[in-house]
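Visitor: For reference, the structure I am asking about is given below.
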Amino acid sequence: MNTPYPTPICPAQTRVGWIGIGVMGSAMAARLLSAGYALTVYARTPSKSLPLQTLGARLAGSPADVARTSDVVFTMLGHPSDVRQIVMESPASVLSGLNPNSVVVDHTSSHPALAKQIFAAAREKDCWAVDAPVSGGDIGARDGKLAILAGGDGGVVEWLAPLFDLMGRATYLGGAGSGQSCKIANQITVGANLVGLSEGLVFAERAGLDVGQFMEAVRSGAAGSMVMELFGERMIGRDFKPGGFAEYMVKDLGMGVDVVEEEGEEVVALPGAALCKQLFSGMVANGDGKLGTQGLITVIERMNGK
């Protein structure tokens, strides 16, 4: 069976598969359905797929079944171990069912070394793999404004543009694993911003300021950031509904602290990332790992006796 790459992508002929329909994945998949693409999904808990089925998605029985009936398969999972199992290692893995010239796109925040392994395994089957983690949270996923950080073959990434454009803006970073490395750097930066915003709000409140007024006063200056725009009001309003789980930040920052040493290259000192990982680990230890990352402010509050 001939599958599309490099035949241009369009809703009339490109079949799409989606695995991983949590907060982010379901919003991203819904945008593809709304654009008219035929979508097949797999969920370990089938009932979670009902909202997407209502929009027209078809439920498959395994990752391999998704791959057999799809030209492009997207994954949006929790941990690298999930990616390894579902894409590569299970008897009904994505790669076991993927047709030649089809593409698997992993949106999970995962390990660069694993992305390289998946790319190599896909090429052995005459398929392609792209590591494309995203940034922008649940709001960005809902509104189609995600930053998509893509690694792999540049031609394949360019070919995927009609799908990526529905979800946000894709940037090609280089060979396999580059997207994941960029996401780790992104999380280091975001984590530092979350710590600063949390501490700024706690300090402002202790100083007797109206925290909403404080944020409005500084958001257009050097303290302003996308983190403030996405999470500032949520922190003030005690809205800790997850766009991304706090426990995933522990995973992502852990890869940032450990990844260079694991790859046998020169060790890079990342003291801020290490501290940020510990603060998010504290949040998990407090039983709040399933809260959104903006819940980091609760750790700073606890340290100050609130």
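Visitor: So which trypsin sites (Lys or Arg not before Pro) in region 63-157 are both in a DSSP loop and have at most 11 other Cβ atoms within 10 Å of their Cβ? Kindly include the intermediate steps, with their values, before the conclusion.
Guide: On the way: sites: Arg68, Arg84, Lys116, Arg123, Lys125, Arg142, Lys145; in loops: Lys125, Lys145.
Filter output for region 63-157: empty list.
Visitor: Also: Excluding residues on the same chain fewer than 8 positions from Lys290, give the lysines whose Cα lies under 21 Å from its Cα.
Guide: Partners found: Lys48, Lys183, Lys241, Lys251, Lys277, Lys306.
Visitor: Read phi for every residue in region 241-249 and hand back ³J(HN,Hα) as whole Hz from Karplus 6.51 cos²θ - 1.76 cosθ + 1.60, θ = phi - 60°, with x for Gly and Pro.
Guide: Each residue's phi maps through the Karplus curve to give 4, x, x, x, 5, 4, 5, 6, 5 Hz.
Visitor: Given region 190-257 reduced to its alpha-carbon atoms as identical point scatterers, what log10 I(q)/I(0) does the Debye formula return at q = 0.25 Å⁻¹?
Guide: Rounded to two decimals, the profile gives -1.17.
Visitor: Rounded to the nearest percent, how much of the accessible area of the chain (1.4 Å probe, protein heavy atoms only) is carbon and sulfur?
Guide: Working: 7300 of 13310 Å².
Carbon with sulfur: 55 percent of the solvent-accessible area.
Visitor: If you roll a 1.4 Å probe over the heavy atoms of the protein chains, what accessible area per residue do you get for region 105-193, in Å²?
Guide: Values: 3130 Å² over 89 residues.
That works out to 35 Å² for each residue.
Visitor: Over 15 Å, how big is the tail of the calculated P(r) for region 107-170, in percent of all Cα pairs?
Guide: Values: 1040 of 2016 pairs.
Tail fraction, whole percent: 52.
Visitor: Rounded to the nearest Å, what's the spacing between the alpha carbon centres of region 166-188 and region 76-152? Just the number, please.
Guide: Taking the Cα centre of region 76-152 as reference, the centre of region 166-188 is 12 Å away.
Visitor: Can you give me the long-range amide H partners of Val73? Hydrogens built in the peptide plane at 1.01 Å from N, cutoff under 5 Å, separation of 5 or more residues or another chain.
Guide: Gly17, Val103, Val104, Val105
Visitor: With runs of 4+ DSSP H residues as the only contributors, calculate the mean residue ellipticity of the chain at 222 nm using -39,500 (n - 2.57) per run, divided by the residue total and rounded to the nearest 500. All intermediate terms of the calculation are to be shown ahead of the outcome.
Guide: Numbers: 15 runs with 152 residues, N = 306.
Rounded to the nearest 500, it is -14500 deg cm²/dmol.
Visitor: What per residue convex hull volume, in Å³, do the alpha-carbon atoms of region 30-153 yield?
Guide: Hull volume over Cα atoms, normalised by residue count, gives 106 Å³.
Visitor: State, to one decimal in nm², a quarter of the convex hull surface area for the C-alpha atoms of the chain, i.e. the direction-averaged projected area.
Guide: Numbers: hull surface 65.5 nm².
Over all viewing directions, the chain projects a mean Cα-hull area of 16.4 nm².
The values are calculated or read from the model by the stated rules, or taken from the named source; none is laboratory data. This is a predicted model, so every value here is computed, not measured. Because the Cβ atoms are built from the backbone with ideal geometry, glycine has one as well, and the counts that use them run over all protein chains shown. The accessibility values were calculated without ligands, DNA or RNA, using every heavy atom of the protein model including side chains. Shrake-Rupley method; radii C 1.70, N 1.55, O 1.52, S 1.80 Å.
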